[in-house]
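Participant: One structure coming up, written as structure tokens, with questions to follow.
Laboratory data are not the source of any read-out in this text; all were calculated from the coordinates shown. Just so you know, these numbers come straight off a predicted model, no measurement behind them. When we count neighbours, we look across all protein chains shown, and the Cβ atoms used for this are built from the backbone with ideal geometry, even at glycine.
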Amino acid sequence: MPSPSESATLSPEPDHGATDSTLSERPDSPCIGICSTLFDEVCQGCGRTAAEVSNWVFFSDEDKQRVWERITREGTGKRFRQG
């Protein structure tokens, strides 16, 4: 049986581009810690609006799913770009 640290490195990352309706297959929040909502309409890191970022904890799972689908489709956040 692999150690917990080996298990963590062997586990595949979830597909953030998937539109699967199960939220458990991806992080709750699209935040990648590169926030830039000051003077920007949309965060350059995750692609959410400032209102979506600030209200995320109050969103229902369905609301979160809709935002995930939109930001994945638009692909403007650094989360969706390589490099």
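Participant: Sorting 71, 34 on the 10 Å Cβ count, fewest up front, what's the list?
Facilitator: Ascending number of Cβ neighbours within 10 Å: 34, 71.
Participant: Between Rg and the Kirkwood Rh of the stretch 43-83, both from Cα atoms, what is the Rg to Rh ratio?
Facilitator: For the stretch 43-83, the value is 0.98.
Participant: A further question follows. Could you grab the relative contact order for the stretch 21-80? Cα pairs under 8 Å, six or more apart, rounded to a whole percent.
Facilitator: For the stretch 21-80, the relative contact order is 35 percent.
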